[in-house]
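Have a look at the structure below, then the notes.
The values are calculated or read from the model by the stated rules, or taken from the named source; none is laboratory data. Values in this document were obtained by computation on a predicted structure and should not be read as measured data. Cβ placement follows ideal geometry from the backbone for every residue including glycine, while neighbour counts extend to all protein chains displayed. These area figures cover heavy atoms from the full protein model, side chains too; ligands, DNA and RNA do not enter into them. Shrake-Rupley method; radii C 1.70, N 1.55, O 1.52, S 1.80 Å.
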Amino acid sequence: MAVGINIKNIRLSKKITQKDLSNKTKINQSIISRYENGTIVPPIPKLEIIANALGVKPTDLLDTA
């Protein structure tokens, strides 16, 4: 799933751990892991929270190019 890969790649590029992202977003670390590995797709409100925490636009997480 492109969204999960984008979340992971952006997170890693900013040297943020899943735990750090969990703390910033108040989203359980296991849920973030499931988003990143494509097990589940984040709903739009959660996607916006994650994008904000990563300092990107929500569309950056959706971008497949």
Write out, first by first residue and then by second, each pair whose Cβ atoms fall under 8 Å of each other, whose residues are 6+ apart or on separate chains, and whose first residue, in region 44-65, is touching a residue at least 24 places away in the same chain (Cβ under 8 Å) and hydrophobic (A, V, I, L, M, F, W, C) while the second is open to solvent by 60 Å² or more (accessible area, probe 1.4 Å) and not in a loop (DSSP other than H, G, I, E, B).
Leu47/Leu62; Ala53/Lys24
Are there any pairs, at least 6 apart or on different chains, whose C-beta atoms fall under 6 Å, with the first in region 1-26 and among the charged types (D, E, K, R) and the second open to solvent by less than 70 Å² (accessible area, probe 1.4 Å), and if so, which?
Lys8/Glu36; Arg11/Leu21; Lys24/Ala53
Confirm whether Lys14 is out of contact with any Leu (no Cβ under 8 Å at 6 or more places or on another chain) and among the basic types (Lys, Arg).
no
